[in-house]
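Read-outs: derived from the displayed coordinates by stated rules, not from any lab. Nothing here was measured: the structure is a model prediction, and the numbers come from that model. Heads up, the Cβs are rebuilt from the backbone with ideal geometry, glycines too, and the neighbour counts pull from every protein chain shown.
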Number of protein chains: 2
Amino acid sequence: MTRLTCDISMSIDGFVAGPNQTVERPLGEGGDRLHEWAFSLASWRERHGLSGGEANPDGEVVEESLRATGAVVMGRRMFSGGEGPWKDDPRSDGWWGEDPPFRVPVFVLTHHARETVAKQGGTSFTFVTDGIEAALEQARAAAGDKDVALAGGATIAQQYLEAGLLDELQIHLVPVLLGDGVSLFDRLGLGPIELEATRVIASPSVTHLRLRVVKDTLRETGGTP
Amino acid sequence: MTRLTCDISMSIDGFVAGPNQTVERPLGEGGDRLHEWAFSLASWRERHGLSGGEANPDGEVVEESLRATGAVVMGRRMFSGGEGPWKDDPRSDGWWGEDPPFRVPVFVLTHHARETVAKQGGTSFTFVTDGIEAALEQARAAAGDKDVALAGGATIAQQYLEAGLLDELQIHLVPVLLGDGVSLFDRLGLGPIELEATRVIASPSVTHLRLRVVKDTLRETGGTP
């Protein structure tokens, strides 16, 4: 069965976005810093309609994840761009534009039922109102033999982790202390969950930590796999 | 001038000890997990009066830090073993025993003035009541041309970081989510502080991230170097 993975950039102090997120600044104050390592990569730029950029080991890590992904699951705020004024407007097409970088079916967790939106380049947004397991099931069906990637945000990632549904986490650890913002794990309060570090690739800009969730430990500490 | 460094084991979710610390369990619930990678090392065992153990790249990282250290600064709770009943008893000799693993002069930040205590093997505990800068100054004088190592806990490390006095942080990142406990950085609220990843060494048990504090960024964001 296809795996559920999550690639996410995090500061040394555990933040995946800065404080005070807005529509204009969906990553919050200082949050862009977490993605700087990716902005210069050819693989990232191509997905975002930009030319040029570097090919390096960081780019290979990105390419590998993109190649492995057959479908995406994301939270409502990730779709609509943070805590903006349209966050409760079910008609919004979000802030991803006409040619979103996903290029696979995307399943958006929301409370507002609406029709699937087809975009250019293979991206579609399907809105799922009956919970994280239903969204994962639909994404798995769409992914074929590829993985389902969790695009965030932090709250959704925590929900899948607590439910024992997350198989692998790849943290792109950025050498900065943000000091405040959106914490990836906060105090999950689940008791210890073991991870297995299956690969570490480091460059001066970022350390890529691939971590497999050891689900037996989740079971012992009260998760519901 | 001698540098101020801090070597510390941290979980992926940012904890350096588990919750509910006691004298019997100074690392809190689940906190021993953070140091498992070190317990089996010959270099760690030798310092703690135990024979045997492994020599491997993790051990070389430990050896390197021990060799570089000429003096140690620690907080009162680190000296006395957590939130135990003796934490306010200035007569306590702490829980480090007669042959502590430091083998260099140790400067303990405390509010209780008392005489220096000499232990076996080169360790002495000197109690400093006039603040973090005074403790660092005394430690620097004792360290000669070696580094001063900050032994913790988290609050003391944050104070030195905020004061612009910490030069290097080596995080031993352990693949586990503790879920709760003592957070190394919590929400420092200082605004972004840049770090420079000067070296990353990874084993299946632990990833050693050596991070230089870029003090210019600290100055810009309100620190007081």
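Each copy carries a label point for residue A:97 at 7 Å from Cα along the beta-carbon vector; from one copy to the others these points are 6.2 nm apart, nearest first.
For segment B:100-225, the ratio of Cα radius of gyration to the globular rule of thumb 2.2 N^0.38 Å stands at 1.17. What sits nearest the axis between copies B and A, counting only chain B Cβ atoms, is the residue and whole-Å distance B:14, 2.
With loop membership from DSSP and a limit of 16 other Cβ atoms within 10 Å, the longest segment of chain A without chymotrypsin sites (Phe, Trp or Tyr not before Pro) is A:96-225. Applying 1/(1 + (r/R0)^6) with r as the Cβ-Cβ distance of residue A:130 and residue A:186 and R0 = 35 angstrom yields a FRET efficiency of 0.85. Once the Cβ-Cβ distance of residue A:3 and residue B:117 is raised to the sixth power relative to R0 = 56 Å, the FRET efficiency obtained is 0.55. For residue A:62, neighbours were defined as the other residues whose beta-carbon sits under 15 Å from its Cβ, and their charges (Lys and Arg +1, Asp and Glu -1) total -3. Annotation: amide H of residue A:164 within the under-5 Å range of A:224, sequence separation 5 or more or interchain, hydrogens built in the peptide plane. Take each residue of peptide B:183-191, count the partner chain Cβ atoms within 10 Å of its Cβ, and average: the result is 6.
When all alpha carbon pairs of the protein assembly as shown are counted in 20 Å bins from zero, the resulting P(r) reads 23, 53, 21, 3 %. For a Förster distance of 22 Å, can you work out the FRET efficiency between the beta-carbons of residue A:64 and residue A:163, rounded to the nearest 0.05? Using R0 = 22 Å, I get an efficiency of 0.25. Across the copies of the chain, residue B:3 has label points (7 Å from Cα along Cα→Cβ) spaced 3.5 nm apart, shortest distance listed first. Convex hull volume of the C-alpha atoms in segment A:9-79, normalised per residue: 119 Å³. Between copies, the label points of residue A:196, set 7 Å from Cα on the Cα→Cβ line, lie 3.8 nm apart, reported in increasing order to one decimal in nanometres.
Extending 7 Å from the Cα toward the beta-carbon at both residue A:46 and residue A:145 defines two label points whose distance is 2.3 nm. A Cβ-based charge dipole, computed about the Cα centre of the protein assembly as shown with Lys and Arg at +1 and Asp and Glu at -1, lands at about 20 debye. About the centre of its Cα atoms, chain B shows a dipole size close to 240 debye [charges on the beta carbon of Lys, Arg (+1) and Asp, Glu (-1) only; nearest 20 debye]. Adding -39500 (n - 2.57) for every DSSP H run of four residues or longer, then dividing by how many residues chain A holds, sets the calculated 222 nm ellipticity at -6500 deg cm²/dmol.
Which GluC sites (Glu not before Pro) does segment A:122-221 hold that lie in a coil by DSSP with at most 14 other beta carbons within 10 Å? Within segment A:122-221, no GluC sites (Glu not before Pro) qualify (loop, at most 14 other Cβ atoms within 10 Å). Mean projected area of the convex hull spanned by the Cα atoms of chain A, taken over all viewing directions: 11.8 nm². Of B:80, B:217, B:39, which is farthest on the positive side of the dipole of chain B, counting Cα position, with +1 on Lys and Arg Cβ, -1 on Asp and Glu Cβ, and the Cα centre as origin? Comparing the listed Cα positions along the dipole, B:80 ranks first.
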